[in-house]
Amino acid sequence: MNFVYKTSRIIERLYVPHHQVRFFLSKVKIKQILVEPFNYKNVTNQSILQNSNFVSNHCRFFHNDTSIENDIDEIDNTDELLLYDDMITQHQPVRNILYPDSKDPYIVKLNECVSIQEVLNFINENSSEMQHQHIIQAILVLWDLQKMFINAHQINNSFNAVTIKDHLLQLTDHSEFHKLLELVQERYKELDVELLSCALLYLNKIGIDTQHEVLQLLISQLRKALKTDISLSALSRFIVTVSNDHNLAIYFLLQDSIPFIVEALGKCESAENLKLITICLNHLHYIVGTNLLQQYQDKVIELMEKDVLTSKHSRVILKILTFLSHSRWSDKNTILMSKLMMLLKNNLHTLNVYDFFIVYEIMYKNHEPGDLLTEMQRCASRLLLLLDEDQNLASEIKLKLLSSLVCFSSPKQRPEYEKTLSTYIKDSHSLTSLFDLLRILTFVKPDSKLCDEFWDNVLETVDSQKIYRDSDNLLKLSQRYINFSNDLNYRHKRFEESMLNWLKKEMDSGTFTLIPSKCAIASTFIFSCESDKFVIDSIMKRITDNWEQLNHADCLHISKGLRNIETMRKSLMSGNQFNLINVALDRAINEKLISMGESTKVNFLLKSCIYRRKCNKELINKLLMHFKPEHRLSSNSIRNIIFSLQSTNGLLPDILDNIADYVISYKDNLLGFNAEKVAYLCYYLGYLPNNSDQLFQVITDIILRDQERISGLSYIQAALSLCFFYKLPESFIKNIFNVTFLEKLDAELATCYFKDVYPIRVRNNMMQLNRAVCLDYPQSNVPWFHQKYIQQSQSKAPKWERISEIHAKFKSYILKVIEDPTYLTENATTAYGYHIDLLLNLDSNGQLLKPNEDNENGNRVAILLLKPSAYTRINVQLKGKYQLKKRHLEILGYRVLPINVSEWDSLIYGEQKVEYINKLIWPDDDGIASRSYSYIER
């Protein structure tokens with residue numbers, strides 16, 4: 001029983017649905033889940049039964065697995081948005097919400113108080129004469145003054161969480177404040193719902209716990225009052241207060257409120273009421289179901305279309321954005337969030353810094369809307385410039401602003417940002433600010449010295465603050481470290497050792513053994529950094545023994561860890577162990593997860609297969625076949641789909657057309673580098689989408705809008721993709737093939753991080769673009785200036801052994817057809833540097849000619865031996881690169897014969913192979929006998 005009680009308390013604290021506690025609980029017979037007793041009155045079984053049918057249709061209870069897992073690269077950052085949302089709410093004065101124009105002398109005197117001590121003195125002097133309205137007004141004024149005091153000290157870096165708590169204790173222990181509580185206790189039955197709710201909410205904000213006797217009385221009285229005198233504003237305050245208790249009991253306490261919220265949502269006709277409903281739902285988001293969410297979305301759209309919700313309601317919009325960005329449903333709300341954010345266009349400068357942070361966080365997470373990015377960065381720059389003059393301003397605010405300025409910036413600004421970054425690295429920061437610093441670090445990619453200093457700082461902060469070592473924070477840190485390590489090929493041994501110790505303690509005695517998703521995330525770090533084979537074996541066994549409990553996100557996290565251990569530390573795992581865990585993951589996907597209908601989850605599974613090098617190819621094909629067009633696409637989902645399709649060579653026309661439709665319909669949402677990814681995917685797979693004219697025009701416009709922000713490689717790849725489809729504007733050609741662009745490109749290469757890889761990619765793509773423009777756009781008069789580069793590359797190019805073997809076999813059969821080897825040219829190089837494996841010359845009658853013979857009216861037959869990877873998957877065709885090569889060779893006067901070496905090698909008999917070659921070279925069947933003897937005759 002002790003184990004069960006401990007388990008359920010862990011679940012309560014973490015808000016983890018009971019169905020997610022899966023590891024090892026099958027071995028424990030649980031007859032009853034115990035929860036901590038609570039004191040809220042009148043929560044009876046009868047009241048629960050009365051609303052059970054209604055609630056089941058509109059709420060998600062804890063046993064329903066309808067949630068989308070947290071973002072795979074960043075664990076839920078909704079809490080941070082809620083923090084800013086609270087700051088926005090609390091920043092507004094509340095002393096005027098009840099009696100804004102009151103002439104009551106006591107209320108006027110309270111409103112004139114400029115310090116907490118003045119309010120306490122007023123209470124001491126007038127307690128015997130204070131009426132109920134004066135008591136509540138005193139609470140409101142106290143909260144206003146206290147919040148102003150705390151805000152001022154937070155902004156000036158003189159307060160942290162500990163000192164704020166101390167300050168609250170000093171106030172609540174004051175004798176005059178106790179007298180105020182006694183007055184509330186004496187008069188609470190005289191209060192209507194508005195006064196009750198204000199007293200409850202703001203006493204709680206001041207620091208009085210909901211378990212306090214006075215607040216228990218207020219809660220009980222307010223619940224009774226709300227049954228007869230329903231008020232949205234009072235209900236919102238009630239929900240905000242009681243939902244702060246991290247206890248399952250609150251959901252039974254609040255269930256009576258849900259029918260009223262749903263009814264109010266249906267009747268809502270004003271932005272103010274929508275704001276109050278949003279506040280309620282924001283604090284009940286864990287039990288909001290699909291139907292209620294859809295009803296809410298429809299209402300927001302309706303009020304936008306009726307111009308009820310406009311740019312004038314920025315605070316309402318920000319609250320709606322905070323609610324829609326919850327990780328369970330944010331991927332389904334991206335389009336709506338982008339529309340709401342676009343209402344703020346040309347008004348971002350009116351937002352305060354905390355308002356602005358909400359906009360930035362959603363932009364960072366969604367990569368949308370792109371049309372707002374320039375204005376957002378200008379506002380960030382303006383705010384940073386204004387606040388930078390104040391040396392006492394909290395570094396957390398400056399870091400967040402710097403992060404919003406740096407992310408999505410031009411690569412050429414990286415050196416400048418690196419200098420700025422160095423001034424913040426060694427400062428003491430909260431964990432949230434360290435995450436902001438990490439974003440900047442990831443973009444800037446500084447030298448290893450700055451990286452070392454940063455992770456030293458992180459280690460010191462976490463080591464010194466126990467609050468940062470809870471399981472969620474450890475998982476966030478471990479995941480972001482692995483992403484950073486993989487991105488920059490960087491290691492910090494001391495951080496790894498400390499994090500491993502903390503994670504192993506959680507594995508031994510914490511929640512990781514109970515919750516598979518946490519164990520899976522932790523395994524990514526352990527597989528990547530642990531050197532103890534015994535620890536790795538134990539994690540492996542836990543996963544393989546419980547494979548049926550893994551979900552789509554678990555599979556992805558584990559696969560990322562396997563990729564790291566297979567790449568860097570293969571000696572720690574035997575081949576048999578790799579096979580066992582691969583089989584376990586394949587079974588999890590096949591037997592339990594493959595039936596998923598959501599493309600988001602299918603894409604997670606596909607990425608988990610991509611990360612595992614030994615994954616079953618049939619399983620990848622099966623997953624590709626499960627991709628379905630989505631009506632709720634977003635920039636993030638498009639980026640993930642692009643990654644999966646490019647990595648697997650999967651050609652899915654319906655999916656590509658779906659992406660094209662999204663780009664056309666929501667062209668203002670896309671950022672330049674995401675638009676380039678769409679164009680490059682179409683080129684990579686050699687697929688022309690529906691509405692291609694409109695699509696490529698939209699992509700061109702987006703890239704021109706963001707051309708100063710995207711990298712040189714992205715710009716070149718976009719131009720190459722457009723060139724493939726004959727959609728390259730003349731302006732692109734002029735912008736790229738000029739001295740100014742080439743100098744900017746050289747400057748970018750000089751400051752890039754991966755100097756061993758990035759310059760090679762840039763130069764190779766530039767060569768391909770130069771060649772494509774010369775052949776496809778000769779009217780542009782662009783010179784060919786990569787001949788020397790071609791020669792150098794060919795001399796260094798490694799040979800593929802399998803192709804060499806096939807090449808030799810294919811040559812032997814060709815020689816059986818043509819008999820004389822002097823007719824055959826091997827490994828020819830054309831103008832513009834194309835390589836041809838085998839070359840034959842035929843006259844106008846189809847007769848063979850030697851290479852040096854005159855061939856004015858004949859044709860040159862270029863035989864290309866292509867690997868299976870030169871073709872797409874599912875819908876098989878040549879990939880774009882090889883289609884372009886074929887087209888260019890035809891422009892140069894060759895008849896091109898691409899041969900899938902896998903298909904040719906699958907022919908069993910020599911006669912079949914000879915016949916295959918005959919028909920390939922001489923497609924006119926009637927003429928084959930006159931041109932060559934058959935293999936059997938010879």
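Some points to look at:
- Of the solvent-accessible surface of region 400-448, computed with a 1.4 Å probe and all protein chains present, 49% belongs to carbon and sulfur.
- Accessible surface, region 158-307, averaged per residue in Å² (probe 1.4 Å): 40 Å²
- Of the peptides 400-411, 210-221, 632-643, the order by per-residue mean of other Cβ atoms within 10 Å, starting with the highest, comes out as 400-411, 632-643, 210-221.
- Theoretical FRET efficiency, 1/(1+(r/R0)^6), r = Cβ-Cβ of Leu688 and Lys881, R0 25 Å, to 0.05: 0.95
- Relative contact order of region 244-363, defined on C-alpha pairs under 8 angstrom at six or more residues apart (%): 25 percent
- Probing with 1.4 Å while keeping every protein chain in the model, the per residue accessible area of region 418-502 equals 42 Å².
- Carbon/sulfur fraction of accessible area - region 204-259, other protein chains in place, 1.4 Å, %: 51 percent
- Shape analysis of region 806-860 places it in the oblate category; the axes a ≥ b ≥ c from the Cα gyration tensor give an a/c of at least 1.5, with a/b not above b/c.
- Note on Thr829 and Ile908: the model spin-label points, each 7 Å out from Cα along the C-beta direction, lie 4.3 nm apart.
- Per residue, the accessible area of region 317-388 comes to 28 Å² when a 1.4 Å probe rolls over the protein heavy atoms.
- Normalised contact order of region 568-687, rounded percent, pairs of Cα under 8 Å and 6 or more residues apart: 23 percent
The values are calculated or read from the model by the stated rules, or taken from the named source; none is laboratory data. Remember, it's a predicted structure, so these values are computed and weren't measured experimentally. Counting neighbours? That spans all protein chains shown, and the Cβs are built from the backbone with ideal geometry, glycine included. For accessibility, only protein heavy atoms count, side chains too; no ligands or nucleic acids. Shrake-Rupley method; radii C 1.70, N 1.55, O 1.52, S 1.80 Å.
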